Amino acid sequence: MKHALIVGAGPAGLMAAETLSAAGLRVTLCDALPSAGRKFLMAGKSGLNLTMDEPLAQFLTNYRESTDWLSPFVEEFDASAVRDWAQGLDQEIFTGSTGRVFPRAMKASPLLRAWLARLAANGVLLRTRMRWQGWDDNGNALFDTPSGSESVTADVTVLALGGNSWSKLGADGRWAAILERRGVQTAPFAPSNAGLAVDWTDHMRGHFGAALKSVRWSAGAQTSRGEAVLSARGLEGGGIYTLSPALRQGAALRIDLVPDLTPEQLTGPKAPARGRTLSHWMKSTLRLSPVKAALVFEMAGGQRADPQNWASLIKELPVRHNGFLPADEAISTVGGVSRAAVTGDLMLSAVPGVFCAGEMLDWDAPTGGYLITACLATGRHAGLGALRYLAAAA
């Protein structure tokens, strides 16, 4: 019986293990942490968003520059397949008002338990506290374990080691240097779906924890109607996470505090009355929330003195920031194994018989179920690729 080694027990690794074990292979699944799916569990604490219920063509555009690369994988295992897979694990699911798909339990732990039980029933051996270190002199996978170094022999290997965010949950990106030494092309890691660092003045202290709602964010050509929350360190939330690609490229961040009002309304029916202060106009006429009004004074500087500037400030308020919060705190990262480094089956060209899946590949996506869907899809595709490799070698 052929032996498949999976390194990394997140969604991509678990899906690769499922694919290979279902085909009759003996599968060993290794993870560096004491239990499987640590980041998966964390992602589900506030509601496990599995995928998005929308037309496939629209769904695929959310993978941005990687759409043409990821499309074949996601088309094979799309949002409908994700729903069927979850229901096959006896998890009731529902679709929210925005199209996001969740387990009825609104957390990851019941699904993960059911998934691990099914893998165990298929003969998958889960080994934890196994930190991958590359390969030994004989080409076998090398691990650090509590009892010392250990080599594992396998006919095929799938690496699903995650990106470079949430290192305490296993995704620390240390594998990149190992692969680079084997001639694998990688791209530098950078934050995605990440908060922004802002040096607030004391004026904003009373607004920490408040959400900026009913706003439109923009960075370059990208826009977002999502919310963001003020924290002592900056801004965090889906509204700015979506803009990560443009912000990484240096685009300026702006916010429209009244996206449902036109500029003409602000200079017409809702124009400031003579003698009114900016504060009075924002509160009495525009009825801005206290946190929105505070943000105007925080970011506007000397422009706030001229009423002729008030309308443009409200519609295009520049938001000064110091870049992303640390990548280790980001929901995801870009960078990792480059598209040029793998075949169409996601096998490393420089290391035949070794496949890659999930966030260790260099692709990007917003939150909303796109990340998990692509991890599942690439894990499945890598598993199928490994089966094709074994069949060709037979």
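The values are calculated or read from the model by the stated rules, or taken from the named source; none is laboratory data. Note that this is a predicted model, so its numbers are computed, not measured. With ideal geometry, Cβ positions are generated from the backbone for all residues, glycine too; neighbour counts draw on all protein chains shown.
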(request) Of the numbered conditions (1) surrounded by 15 or more Cβ atoms within 10 Å (Cβ to Cβ); (2) of a type in the set (Val, Ile, Thr); (3) more than 28 Å from GLY237 (Cα to Cα), VAL296 fails exactly one; give the number of that condition. (result) (3)
(message) With the requirement that a residue be among the charged types (D, E, K, R), closer than 24 Å to GLN133 by Cβ and surrounded by fewer than 22 Cβ atoms within 10 Å (Cβ to Cβ), what does segment 25-50 give you?
(response) ARG26, ARG38
(request) Please tell me if LYS270 is in a helix (DSSP H, G or I) and assigned by TED's automatic domain parsing to the domain that holds TRP200. (result) no
(request) Sort out which residues of segment 320-348 are without any contact (Cβ under 8 Å) to a residue 60 or more places away in the chain and either part of a strand (DSSP E or B) or of a type in the set (S, T, N, Q) (or both), and write them in order of number. (result) VAL342, THR343, MET347
(request) Return the total of residues in segment 284-305 being assigned to a helix (DSSP H, G or I), closer than 17 Å to LEU317 by Cα, at pLDDT 80 or above and not aliphatic (A, V, I, L, M). (result) 4
(message) List the helices (runs of 4 or more DSSP H) inside segment 19-107, counting only whole elements, that have at least 1 residues being closer than 19 Å to GLY379 by Cα, of a type in the set (Phe, Trp, Tyr) and more than 20 Å from the chain's Cα centre (by Cα).
(response) 79-88
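Considering only residues of segment 233-262 that are in a loop (DSSP other than H, G, I, E, B) and β-branched (Val, Ile, Thr), which is surrounded by the fewest Cβ atoms within 10 Å (Cβ to Cβ)? I'd like the intermediate steps shown before the answer.
Our first condition is that a residue be in a loop (DSSP other than H, G, I, E, B); within segment 233-262, this holds for 233, 237, 242-243, 249-252, 257-262.
Checking which are β-branched (Val, Ile, Thr) leaves us with 242, 258, 262.
Details: THR242: 22, VAL258: 21, THR262: 13.
Looking at the filtered set, the residue picked out is THR262.
Filter segment 114-143 down to residues that are assigned to a strand (DSSP E or B) and of a type in the set (D, E, K, R) and give me whichever is farthest from PRO352 (Cα to Cα).
Initial filter on segment 114-143 (assigned to a strand (DSSP E or B)): 125-127, 131-135, 141-143.
Among the residues that remain, those that are also of a type in the set (D, E, K, R) are: 127, 131.
Working: ARG127: 24, ARG131: 21 Å.
Per the stated criteria, the residue is ARG127.
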(request) Could you please tell me which pairs satisfy a Cβ distance under 9 Å, a separation of 6+ or placement on different chains, a first residue in segment 174-201 that is on the phi > 0 side of the Ramachandran plot, and a second residue that is surrounded by fewer than 16 Cβ atoms within 10 Å (Cβ to Cβ) and among the aliphatic types (A, V, I, L, M)? (result) GLY183/ALA350
(request) Among the residues of segment 253-310, write down those that are in contact (Cβ under 8 Å) with a residue 40 or more places away in the chain, over 18 Å from SER214 (Cα atoms) and of a type in the set (A, V, I, L, M). (result) ALA271
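With the condition kept exactly as written, say whether any residue in segment 79-86 is at negative phi, at pLDDT below 95 and either of a type outside the set (A, V, I, L, M) or surrounded by 14 or more Cβ atoms within 10 Å (Cβ to Cβ) (or both).
Checking segment 79-86: not a single residue is at negative phi, at pLDDT below 95 and either of a type outside the set (A, V, I, L, M) or surrounded by 14 or more Cβ atoms within 10 Å (Cβ to Cβ) (or both).
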(message) If LEU230 meets every condition in (1) in contact with a helix residue (DSSP H, G or I) (Cβ under 9 Å, 6 or more places away or on another chain); (2) in a loop (DSSP other than H, G, I, E, B) apart from one, which number is that one?
(response) (2)
(message) What are the pairs with Cβ atoms under 7 angstrom where one residue, in segment 1-28, is in contact (Cβ under 8 Å) with a residue 24 or more places away in the chain and the other, located anywhere, is among the aromatic types (Phe, Trp, Tyr) and surrounded by 24 or more Cβ atoms within 10 Å (Cβ to Cβ)? Sequence gap at least six, or different chains.
(response) LEU14/TRP115
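Looking at THR223, THR157, which is the one that is among the β-branched types (Val, Ile, Thr) and not assigned by TED's automatic domain parsing to the domain that holds LYS39? Write out each step before concluding.
Details: THR157 fails: not assigned by TED's automatic domain parsing to the domain that holds LYS39.
Of the residues listed, the single one that is among the β-branched types (Val, Ile, Thr) and not assigned by TED's automatic domain parsing to the domain that holds LYS39 is THR223.
Looking only at residues that are crowded, with 18+ Cβ neighbours inside 10 Å and within 22 Å of the chain's Cα centre (by Cα) in segment 108-123, which one is nearest to SER35 (Cα to Cα)? Walk me through how you get there before you give the answer.
Let us first name the residues in segment 108-123 that are crowded, with 18+ Cβ neighbours inside 10 Å, namely 108, 110-112, 115-116, 119.
Imposing the further condition that a residue be within 22 Å of the chain's Cα centre (by Cα) reduces the set to 108, 110-112, 115.
On the way: ALA108: 14, PRO110: 15, LEU111: 15, LEU112: 11, TRP115: 13 Å.
Of everything passing the filter in segment 108-123, LEU112 is nearest to SER35 (Cα to Cα).
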